[in-house]
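Accompanying notes for the structure given below.
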Amino acid sequence: MGLSVYYDNYILVLIFMLLGVALPIVSITFGRFVRPKNPYADKITTYESGIQPEGDAQVRYHVAYYIVALEFIIFDIETVFLIPWAVTLDQLGWVGLNMGLVFIFILALGLVYSWKKKVLEWN
């Protein structure tokens, strides 16, 4: 039994890695041969609605949108870390409860810092 069991697992991982690389390459290459190739002037314009585009297609958003989105993602991911803690809280005991409360306190400090810097306010 020994080492061959471990090598079998590595072979499976290697097969999946090769498939993960090969399948997109094969599908993109095969797609180039199958897709229709008849571009004309109206088809390669920015919009196919028949109306000519006005102005620049790239719109600059205010940085506040990105900051709020990043904070949402950070707090969302941190709540995902709290789920396993909440499920195993009875096994962790008082030490686990204290560590979870420290974690929540650090999150609250980040929220208070954002609030003090007026990141959450819209102008």
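The values are calculated or read from the model by the stated rules, or taken from the named source; none is laboratory data. This structure is a prediction, so every number in the text was calculated from the model and none was measured. Cβ placement follows ideal geometry from the backbone for every residue including glycine, while neighbour counts extend to all protein chains displayed. Side chains are part of the model used for accessible areas, which takes the heavy atoms of the whole protein and leaves out ligands, DNA and RNA. Shrake-Rupley method; radii C 1.70, N 1.55, O 1.52, S 1.80 Å.
A few points about this structure:
- Potential lengthening of the chain between residue 9 and residue 35 amounts to 5.5 nm, from the contour at 0.36 nm per residue minus the alpha-carbon distance.
- Spacing of the two label points (7 Å from each Cα toward its C-beta) at residue 117 and residue 44, in nm: 4.6 nm
- Accessible area of the chain belonging to carbon and sulfur atoms, whole % at 1.4 Å probe: 70 percent
- Solvent-free Debye calculation, one equal scatterer per alpha-carbon of the chain: log10 I(q)/I(0) at 0.10, 0.21 Å⁻¹ equals -0.85, -1.13.
- In this structure the chain gives 94 Å² per residue of accessible area when probed at 1.4 Å with all protein chains present.
- Rolling a 1.4 Å probe across all protein chains gives residue 19 an accessible area of roughly 80 Å².
- Loop chymotrypsin sites (Phe, Trp or Tyr not before Pro), region 52-118 (other Cβ atoms within 10 Å of the site Cβ: 13 or fewer; DSSP): 61
- Cut-off 19 Å, label 7 Å out along Cα→Cβ of residue 64, residues of region 102-122 by amide N: 111-122
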